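The values are calculated or read from the model by the stated rules, or taken from the named source; none is laboratory data. Because the structure is a prediction, the values reported are computed rather than measured. We place every Cβ from the backbone using ideal geometry, glycine too, and count neighbours over all the protein chains shown. To get the accessible areas, we keep the full protein, side chains included, count just its heavy atoms, and leave off ligands, DNA and RNA. Shrake-Rupley method; radii C 1.70, N 1.55, O 1.52, S 1.80 Å.
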Amino acid sequence: MADRDALPLPLEVRARLAELELELSEGDITQKGYEKKRSKLLGAYLPHPSGLEASLAHERRPPMAPSSASRYHRRRSSGTRDERYRSDVHTEAVQAALAKHKERKMAVPMPSKRRSLVVQTSMDAYTPPGLSPLSSLPPLTDTSSGSEEEGGQGEGTPTSSQGSVSMEHWISRAIHQGSTTSSSSSSTQSGGSGAAGRLADVLAQTHVGKSENHSAPPDVTTYTSEHPVQVERPQVSTVPRTTPKYGNAELMETGDGVPVSSRVSAKIQQLVNTLKQPRRPPLREFFVDDFEELLEVQQPDPNQPRPEGAQMIAIRGEPLGVVTNWPPSLEAALQRWGTISPKAPCLTTMDTNGKPLYVLTYGKLWSRSIKVAYNILHKLGTKQEPMVRPGDRVALVFPNNDPAAFMVAFYGCLLAEVVPVPIEVPLTRKDAGSQQIGFLLGSCGVTVALTSDACHKGLPKGPTGEIPQFKGWPKLLWFVTESKHLSKPPRDWFPHIKDANNDTAYIEYKTCKDGSVLGVTVTRIALLTHCQALTQSCGYTEAEIIVNVLDFKKDVGLWHGILTSVMNMMHVISIPYSLMKVNPLSWIQKVCQYKGKVACVKSRDMHWALVAHRDQRDINLSSLRMLVVADGSNPWSISSCDAFLNVFQSKGLRPEVICPCASSAEALTVAIRRPTDDSNQPPGRGVLSMQGLSYGVIRVDSEERLSVLTVQDVGTVMPGALMCVVKPEGVPQLCRTDEIGELCVCSIATGMSYYGLSGMTKNTFEVFPMSSSGAPISEYPFTRTGLLGFIGPGGLVFVSGKMDGLMVVSGRRHNADDIVATALAVEPMKFVYRGRIAVFSVTVLHDERIVVVAEQRPDSTEEDSFQWMSRVLQAIDSIHNVGVFCLALVPANTLPKTPLGGIHLSETKQLFLEGSLHPCNVLMCPHTCVTNLPKPRQKQPEIGPASVMVGNLVSGKRIAQASGRDLGQIEDNDQFLFLSEVLQWRAQTTPDHVLFTLLSSRGTVLSSLTCLQLHKRAEKIATMLMERGHLQDGDHVALVYPPGIDLIAAFYGCLYAGCVPITVRPPHPQNIATTLPTVKMIVEVSRSACVMTSQIISKLLKSKEASAAVDVRSWPPVLDTDDLPKKKPPQLYKPSNPDTLAYLDFSVSTTGMLAGVKMSHTATSAFCRSIKLQCELYPSREVAICLDPYCGLGFVLWCLCSVYSGHQSILIPPSELEVNPALWLLAVSQFRVRDTFCSYSVMELCTKGLGLQTESLKSRGLDLSRVRTCVVVAEERPRIALTQSFSKLFKDLGLHPRAVSTSFGCRVNLAICLQGTSGPDPTTVFVDMRALRHDRVRLVERGSPHSLPLMESGKILPGVRIIIANPETKGPLGDSHLGEIWVHCSHNGSGYFTVYGDEALQSDHFNSHLSFGDTQTLWARTGYLGFLRRTELTDASGERHDALYVVGALDEAMELRGMRYHPIDIETSVIRTHKSIMECAVFPWTNLLVVVVELEGSEQEALDLVPLVTNAVLEEHYLIVGVVVVVDIGVIPINSRGEKQRMHLRDGFLADQLDPIYVAYNM
């Protein structure tokens, strides 16, 4: 076949090629130019055979032997490729799929990551494959796999081969594979050598459309070699290179091709553009989830393939021939060989240098097993109470390099009639999966563990030298089985050797998909029958030599290398895993050295040998008559088999020797290909359509469709067994002939049960398959194998996947192995480790979602990995037609491993779900995968408010309105219209009555004011304002004071002088830059004529730091009140009209709007009167106030109420609590206060700061039993979780649980509700969150799904009327609707004070009329959504009590998918997802939901949060999160009332000012 081989290339040509490659990758040269120059360079070196000869040569070639040399060059060069998953067709398919995507040019924004998170050495320049033969070889440590049981898809290339892949191979690879694409002229397909495959290959290359002349597609039912459709192949590859050139430049262009800066907003714009692309076709029907919320259900595709074949017939294996000298039991066989030929070698073990360590003869095995049996039965426990009796279970814990000790112990157990349970050696106390093994041992009642001396020494020890109990394990007695530790059995003792019966012989453990470990029991008769069946099908004869690389504790390794070998007196050469890591060729060398007849390997071992073999002259495999491939049931093993044959055929390996087998823990060996002498009959193959497979249908792929799976047969059914294929779900009904199902076997040689699990046993080991008529096909039960496949022509068994690897995504079945293979075919593979890829599914929103996790190489850059990830997503989408929900890359070597180095899938999934996988890169694609979201809500054509009202009346629903009680009769101080008059009256009647007491942080009284002192102080301030400030009445004065008594005096001083006071929070001395501008803004917007303050603050306002933040020269005159004039003012100002301004209330709303509300004298007095009535305040009362005194109810309680009602206010500045968190509660206890007011931030401080100190506070005499009301002053929905935890926490200190309540106020009315002293306790209701999104209120039971607890916001204040109105139509609403709270009352604000006089806004907020019903009343709109409910309770007047529930601010509510969401609900869900999320805020941007989370913990955890947050919001709110931003603690801005400033946060995010740890854009 020399016509295919290339001539050797001179060095300068190679160098030039490498340069070209580099130019292309850098984008300095076009694809076309590259092709042209390359073919010119190579033209001279490529042979040109004449077409006819080439095609003839092509025809004569045996089907399995393509040109070995070219194949071998390419195979070797692809050393980093995991052969187990390698298929040229597949690689080509992936390339083509990606090329298709490239034309669509996806603009996917790359996630941004904080520098500290990017820990890698960036490769400065891209190295073409030809220049770095070593960098692409994996490091030695990564000997690992994706299969659960064993290091299957071996990543680890051993050191011996590191230097072996020389420059020539890279270059020849470059020649053979049009640049780096593997679709090239020399690529003889390893997969599907059938016509279909070949055609696909050629068509892909020449880019012909539908070729007219190709013959009918081959049928899987015939052997593909019968269709020698030959197509002459072009020799020089002119295929355009299909690796998409995803340079970052190209990635970072938006849809319109505009280059993008790294600003966040641009990235989001990009994301919006990608989302505009059309999605999959819309879905039609729904299924109802719980009730009205409609989740779409995937409709079956009308064009989906359906099985058309006849019903299959169960296939019987050949009869199990009873040979006269077969022993009656395995122990009998051991006895026979141990006595007849004691010198015959039974087992040779190897050390890590490959030297024979020890030869165990049959005589030694026999005598030692007897010794072990005797000691187990007689030397454990006492004579009367032996620890182990026949039938008991015993654990076998032996390392992988000591098969001899294991074998002795195993046969010792069989002779003693105890049941061995072989398990892995527990390396650490928390080994992945070892806990589950502990559960298995516990359920089997294991109390004794047999182990070897070396292993016993290596187990972790406690301080006193005993072996600790491993997590989840029962208490074990460790028993060493080495001969020297055992006592000799007495002469007369002899094991009782019976014929095989139905007792359990051994238990094999099996790890399930979810990580749980089951024990499969195998009876003695099954054990013997299985050995006989293997002997017959493999043609084993006495004294044959068998080389075993597999794990001898379970599965194929145990069956061939420990059991069947003894039955036939064979000699096993055991190769430990540790030797394979050092020298992957060791098994081949042993086959040559010992002239081995049989070898048992996995495809990983074949792949390693391929990578490692240098031109070893002395390899000769002609002695092999059978090469058992243990994982032949993985469809991707075919490529390893083909590649291995290609390379080693020249070394004497015959094609018919390769015998893949299929096995499972439940059914033991399911099928095995027999070693034939007839080399003419090629093995069976099928090239199946992936699309068909996903519907469970076998379709031979034809045309140039690229998504195919090539499968090989695993031989025929075992002797003496009956096999059928049943539907995987539901009733075990026989499949049709062209349908994929689960293989089931009826035979004596299968497992009997899952130990101790009768229900699962029935479903697996006692299955009665039915025909379509419903009749069972046999009276004997079948065992489910857990393998998916079909039985082809000639009774050949084909396996297409495992039940465990099956993922059912919207009705279609995908196999994890197939998806791994696709991910591995994405070039370039240099960013992740092959064989370290885990694929599993998680259930989110009623469907499985695919998650791919891979280990990233340490030297790959962010862009590299991100590009690779986005291409993997595209490839999987194209080839499998399924979206990947999440693709995560983790640092090298961090995925949990199984004992033999594979990836522990269930453990990986567990880590992913609990957020402790710590990925270094995450790409989520919920937009493409989640297709079953409810339809966006369509807004109905607006129903008029009148019809709504009529509708409510007709259906008997109340119109939602309520009012507080009347203000009642006037008392002595109520005749005054003005607060200044009340103060003067009190100064005359009760001059020495103390009104205010201010506490220091230690809880001592700092200062206090009596009525007279306050009056005198206010007079002096009024004089100062008139004389020094030259102010007129009606001028505005800004009061910039810390919380305290000066503020109060200054306020009344202003009233005495006829000025209008504005209270302003002083700037924070440590944070002038951010706090001073707000002060300046309020002073300017309020048009203050002067600023009054204390001496310290006046200095601060003019300091150097201040001048850096604001223009200091533009301050109005600043008066400091520390030195006051001595004289009284000539006369006190008396306002003429009670409707004039009393003061201005300035505050920043949660949406970041600064507004001043005008409060008239009338409103102020009415307000104080309403509070006095509600709280029953009299001069004899004391009230503790821990609030900020600058706006809203906090200001009124701090400054005004005491003067009006005469009670004593104990003032506690909230800032002092940061020094002494217990200050407020200690004051409440010390002054025996009955009523106290605080803010949420104070309550949170107490809950967090005093949580662990309740005992010590109790001992200090803290007693809260006198507290009657503790009111949280707020302008938001009550924070139930916080108030409840506060109540629970301080219950022990006497706090009555019903004392804690909340108030509600807003800008237009500073207090609407306030829990007073009389009246019923606050009520809590549970509403359906999904109905709430549609503005409907539906009450549900506590704990029902989607329920949201809402607490009443306190009682409606006297003189307040409330109605719920539709914010859009302004019509009144019924009880069951969510609407805007409108309020009518005498203490409403009289309007906004604005410089620009935005009258429209003002009239709308303060003077609204209903559009229907009572259209006369003037209402103020609160801007909050809520609802009213009439409760069963009665209020003081005997009426039924109406409760007001506040849901959230209208400004903050988000309209997404046509529904109304409140940020706090989404934030609550997010905070619950992970312990590291301290705080969360969400806001919408265009139509995307942005979630910002504060991370407490290491930055490595940042990426764990992305999938968790996305899942939680999907599950609970049916929303797809567009962007997840992870930030440091304290980044989310919070105002003085403890409310999140989400709009500030949004502005900061869009301006890229958050310094995020990580930003993930969900695609």
**OP:** Return the only residue of 581, 590 being over 17 Å from residue 631 (Cβ atoms) and either crowded, with 23+ Cβ neighbours inside 10 Å or without any contact (Cβ under 8 Å) to a residue 12 or more places away in the chain (or both).
**Re:** 590
**OP:** Restrict the check to region 1190-1199 and report whether at least one residue is farther than 21 Å from residue 1357 by Cβ and touching a Gly at 6+ places or on another chain (Cβ under 7 Å).
**Re:** no
**OP:** Please enumerate the residues belonging to region 1044-1078 that are more than 45 Å from the chain's Cα centre (by Cα) and among the β-branched types (Val, Ile, Thr).
**Re:** 1045, 1048, 1060, 1062, 1063, 1064
Original post:
Filter region 1105-1117 for residues that are in a helix (DSSP H, G or I) and within 51 Å of the chain's Cα centre (by Cα); which is surrounded by the most Cβ atoms within 10 Å (Cβ to Cβ)?
Top reply: 1106
**OP:** Would you check which residues across region 1268-1294 are free of Cβ contacts under 8 Å to residues at least 60 places away in the same chain and open to solvent by less than 10 Å² (accessible area, probe 1.4 Å) and list them?
**Re:** 1270, 1272, 1286
Original post:
Residues that are under 27 Å from residue 1108 (Cβ atoms): which helices (runs of 4 or more DSSP H) entirely in region 1000-1095 hold 3 or more of them?
Top reply: 1072-1085
Original post:
Pick from region 536-570 the residues that are crowded, with 24+ Cβ neighbours inside 10 Å and in a strand (DSSP E or B): which of them is farthest from the chain's Cα centre (by Cα)?
Top reply: 546
Original post:
Somewhere in region 457-478, is a residue in a helix (DSSP H, G or I) and either within 44 Å of the chain's Cα centre (by Cα) or aromatic (Phe, Trp, Tyr) (or both)?
Top reply: yes
Original post:
Just checking, which of 1149, 1086, 1107 is closer than 29 Å to residue 1545 by Cα and touching a His at 6+ places or on another chain (Cβ under 8 Å)?
Top reply: 1086
Subject >> Any hit, region 422-431, residues being hydrophobic (A, V, I, L, M, F, W, C) and modelled with pLDDT under 90 >> reply: yes
Original post:
When you scan region 821-937 for helices (runs of 4 or more DSSP H) that lie fully inside it, which ones turn up with 3 or more residues that are open to solvent by 10 Å² or more (accessible area, probe 1.4 Å) and aliphatic (A, V, I, L, M)?
Top reply: 905-914
Original post:
So residue 1468 clears everything in (1) more than 19 Å from residue 1549 (Cα to Cα); (2) open to solvent by 10 Å² or more (accessible area, probe 1.4 Å); (3) in contact with a Gly (Cβ under 9 Å, 6 or more places away or on another chain); (4) of a type in the set (S, T, N, Q) except one condition, right? Which one?
Top reply: (3)
Original post:
Quick one: what pairs do we get from region 1318-1334, first residue more than 14 Å from residue 1427 (Cβ to Cβ), second surrounded by fewer than 16 Cβ atoms within 10 Å (Cβ to Cβ) and of a type in the set (Phe, Trp, Tyr), C-beta under 9 Å, 6+ apart or different chains?
Top reply: 1330/291
Subject >> Residues of region 842-881 that turn out to be more than 24 Å from residue 907 (Cβ to Cβ) and more than 15 Å from the chain's Cα centre (by Cα), as a count >> reply: 20
Original post:
If only one of 1265, 1318 is in contact with a Gly (Cβ under 7 Å, 6 or more places away or on another chain), outside any helix (DSSP H, G or I), open to solvent by 30 Å² or more (accessible area, probe 1.4 Å) and more than 28 Å from residue 1149 (Cβ to Cβ), which one is it?
Top reply: 1265
Subject >> Odd one out for residue 808 among (1) open to solvent by less than 10 Å² (accessible area, probe 1.4 Å); (2) over 23 Å from residue 101 (Cα atoms); (3) hydrophobic (A, V, I, L, M, F, W, C) >> reply: (1)
Original post:
With 440, 414, 450 as the choices, which residue is part of a helix (DSSP H, G or I) and more than 40 Å from the chain's Cα centre (by Cα)?
Top reply: 414
**OP:** Output the number of residues of region 589-646 satisfying the condition of being under 26 Å from residue 356 (Cβ atoms), among the β-branched types (Val, Ile, Thr) and in a helix (DSSP H, G or I).
**Re:** 2
Subject >> Residues that are open to solvent by less than 10 Å² (accessible area, probe 1.4 Å) and either more than 17 Å from residue 1053 (Cα to Cα) or at pLDDT below 90 (or both), drawn from region 998-1021 >> reply: 999
Subject >> Selection within region 760-792 - in contact (Cβ under 8 Å) with a residue 12 or more places away in the chain, loosely packed, with under 14 Cβ neighbours inside 10 Å and part of a helix (DSSP H, G or I) >> reply: 760, 763
**OP:** Look at residue 495 and say whether it is surrounded by 13 or more Cβ atoms within 10 Å (Cβ to Cβ) and not hydrophobic (A, V, I, L, M, F, W, C).
**Re:** yes
**OP:** Please work out which residue is nearest to residue 964 (Cα to Cα), limiting yourself to region 1296-1309 and to residues that are open to solvent by 10 Å² or more (accessible area, probe 1.4 Å) and part of a loop (DSSP other than H, G, I, E, B).
**Re:** 1307
Original post:
Name the residues in region 1531-1551 that are surrounded by fewer than 22 Cβ atoms within 10 Å (Cβ to Cβ), farther than 16 Å from residue 1463 by Cα and modelled with pLDDT of 90 or more, would you?
Top reply: 1547, 1548, 1550, 1551
Original post:
Residue check, residue 669 against (1) in contact with a His (Cβ under 8 Å, 6 or more places away or on another chain); (2) more than 26 Å from residue 539 (Cα to Cα); (3) not small (Gly, Ala, Ser), all met but one. Which one?
Top reply: (2)
Original post:
Going through region 1444-1465 one residue at a time, which ones are out of contact with any Pro (no Cβ under 6 Å at 6 or more places or on another chain), acidic (Asp, Glu) and either in a strand (DSSP E or B) or buried (at least 21 other Cβ atoms within 10 Å of the Cβ) (or both)?
Top reply: 1455
Subject >> From the options 1506, 1559, 1513, residue that is more than 27 Å from residue 1277 (Cβ to Cβ), part of a helix (DSSP H, G or I) and either at pLDDT 95 or above or open to solvent by less than 10 Å² (accessible area, probe 1.4 Å) (or both) >> reply: 1506
Original post:
Within region 354-394, how many residues turn out to be under 24 Å from residue 571 (Cβ atoms), polar (S, T, N, Q) and without any contact (Cβ under 8 Å) to a residue 24 or more places away in the chain?
Top reply: 1
